[in-house]
2 protein chains.
Amino acid sequence: MAEDVFKALADPTRRRILDELVERDGQTLFEICTRLVAKHGLGLSRQAISQHLAVLESAGLVLSRRQGRYKFHDLNTEPLELIVTRWLKPDAPESTP
Amino acid sequence: MAEDVFKALADPTRRRILDELVERDGQTLFEICTRLVAKHGLGLSRQAISQHLAVLESAGLVLSRRQGRYKFHDLNTEPLELIVTRWLKPDAPESTP
DNA sequence: TTGATAGGCAAGTCGATACTTGCCTATGGT
DNA sequence: ACCATAGGCAAGTATCGACTTGCCTATCAA
């Protein structure tokens, strides 16, 4: 579970997808494709993005809801909170009031 | 720079190494090898661990200081702070006092 | 100086994974 | 009914990354 989060974050394209979703939630596959090309000039096939979304989804970082012929993707930052606290000592600077 | 952090965290063995260093800072290569075998039964060669440490070091997650024939490795959690805030919206729950 | 310890360099293997291509299903509009 | 849009499935390629093996350097102790 948490292991998948690290692998999901390892790819730069997947991180870009998360960047897109944090900007505008609930995008479809085609929207994401279009915006990745427009913003970063990423010439990736639709399938490539689809597979990346599947990885992000199985890692719990993206939730999807199907509606008619559209499939909307939402960002879920919950898994992110766990992964860093793993190596932060209890006396971390942010928790010293 | 920050990109390397994600790749460094992608490998389970490297995460184990960080686990070791958060428990006891300033270990040498051989110490880490020994403890990985003892705790997790990881039958990895010394070179494998050495290469992992190089990756962690170039990601800034591990700092090393040479002293005689020993090379001590210290954990540096600073790069970790950046990577999660990247996708946390400004109105995150932890920053709402 | 010899030997043992701690570590580094370089090439090679092998499996994982990112990406493509081609075809198929389903929904919606006209 | 038709066609266009939105997406899925599966196999193939090709690059990247983890790990090994063998040899080499440097520090310390006897």
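Derivation of every value follows stated rules applied to the coordinates shown; laboratory data play no part. Keep in mind that this is a model prediction, so the values were computed, not measured. So basically every Cβ, Gly included, is an ideal-geometry build from the backbone, and we count neighbours across all protein chains shown.
So here's what we get for this one:
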{"quantity": "Qualifying residue in the stretch B:70-87 (condition: within 11 Å of chain A (Cβ to nearest Cβ), within 16 Å of DNA strand C (Cβ to nearest atom), among the aromatic types (Phe, Trp, Tyr) and under 19 Å from A:LEU88 (Cβ atoms))", "calculated": "no"}
{"quantity": "Checking A:MET1 against (1) closer than 22 Å to B:LEU80 by Cβ; (2) buried (at least 17 other Cβ atoms within 10 Å of the Cβ); (3) over 10 Å from the mean Cα position of the chain (by Cα); (4) in contact (Cβ under 8 Å) with a residue 24 or more places away in the chain, the condition it does not meet", "calculated": "(2)"}
{"quantity": "Set A:VAL55, A:VAL62, A:VAL37: member being touching a Gly at 6+ places or on another chain (Cβ under 8 Å) and not polar (S, T, N, Q)", "calculated": "A:VAL37"}
{"quantity": "The stretch B:17-44, residues that are free of Cβ contacts under 8 Å to residues at least 24 places away in the same chain, surrounded by 12 or more Cβ atoms within 10 Å (Cβ to Cβ) and within 14 Å of chain A (Cβ to nearest Cβ)", "calculated": "B:ASP19, B:GLU20"}
{"quantity": "Residues that are of a type in the set (Val, Ile, Thr) and surrounded by fewer than 17 Cβ atoms within 10 Å (Cβ to Cβ), drawn from the stretch B:5-16", "calculated": "B:THR13"}
